[in-house]
Amino acid sequence: MALDTKKWLVEEMGFSEAEAAELAPKFTEERAKKLEGGFLRQADYSREMNKLKAEVKKQQDDLSAANERLNQELADWATEQASGRTQTAKQRADLDKAQQDVLRLTQVVTRVATEAGMDPAKVLEGAAVVVPKADWPPATNVVEAPRAIAVPLNVALAPPWMVLAPEPYAI
């Protein structure tokens with residue numbers, strides 16, 4: 001859009017019509033372009049301000065969206081931490097219970113191995129321990145029956161001659 005120098009001289013600069021008519025021919029095409037480039041009109045100013053306002057609004061919206069995402073991530077993290085604490089407490093309780101069970105079973109195996117005349121350390125290591133027949137069974141009234149005899153499932157209903165003594169400990 002070319003600058004209307006006569007109009008600019010009258011409206012913007014306050015020259016009279018006669019003065020504007022006298023000065024207008026002195027503005028060559030080159031001078032008019034320099035003059036046009038050096039001044040912003042109200043429309044140009046408004047357009048630039050609207051661009052800047054739109055850019056500021058976009059950046060504020062982006063900041064708000066990023067802030068919302070951050071808040072959501074923080075809330076998710078807090079929820080995960082809280083659930084993790086309960087899981088950790090449950091796992092810790094399970095571990096304590098398992099350690100107590102291991103201790104109790106170790107004591108039982110140690111006691112049984114000692115009663116059977118075996119080395120408890122070897123038994124706990126998992127080494128195969130063979131009990132000599134001469135040392136077992138410790139009780140003198142144990143009746144050994146042939147293995148081919150069928151024993152009823154309900155020992156209470158079995159005749160007394162079929163009640164067998166328990167087998168030696170198989171470790």
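Going through 32, 65 one at a time, which residue ends up being surrounded by 10 or more Cβ atoms within 10 Å (Cβ to Cβ) and more than 25 Å from the chain's Cα centre (by Cα)?
Details: 65 fails: more than 25 Å from the chain's Cα centre (by Cα).
Every option except 32 fails the conditions.
Could you please let me know if residue 47 is free of Cβ contacts under 8 Å to residues at least 40 places away in the same chain and farther than 30 Å from residue 123 by Cβ? Yes, satisfied.
Residues in the range 41-50: is at least one under 17 Å from residue 6 (Cβ atoms) and out of contact with any Ser or Thr (no Cβ under 9 Å at 6 or more places or on another chain)?
yes
Checked against (1) surrounded by fewer than 10 Cβ atoms within 10 Å (Cβ to Cβ); (2) more than 40 Å from the chain's Cα centre (by Cα), residue 86 meets all criteria but (2).
Go through the range 89-128 and count every residue that is among the acidic types (Asp, Glu) and either within 14 Å of the chain's Cα centre (by Cα) or surrounded by 11 or more Cβ atoms within 10 Å (Cβ to Cβ) (or both). Please lay out each step first, then the result.
Pass one, the range 89-128, residues among the acidic types (Asp, Glu): 94, 96, 101, 115, 119, 125.
Then keep just the ones that are either within 14 Å of the chain's Cα centre (by Cα) or surrounded by 11 or more Cβ atoms within 10 Å (Cβ to Cβ) (or both); that gives 119.
Residues in the range 89-128 being among the acidic types (Asp, Glu) and either within 14 Å of the chain's Cα centre (by Cα) or surrounded by 11 or more Cβ atoms within 10 Å (Cβ to Cβ) (or both): 1 in total.
Residues considered: 66, 32, 127, 121. Of these, the only one that is modelled with pLDDT of 85 or more and of a type in the set (A, V, I, L, M, F, W, C) is 66.
The values are calculated or read from the model by the stated rules, or taken from the named source; none is laboratory data. All of these numbers come straight from a predicted model, not from anything done at the bench. Here Cβ is always computed from backbone atoms with ideal geometry, including for glycine, and neighbour counts include all displayed protein chains.
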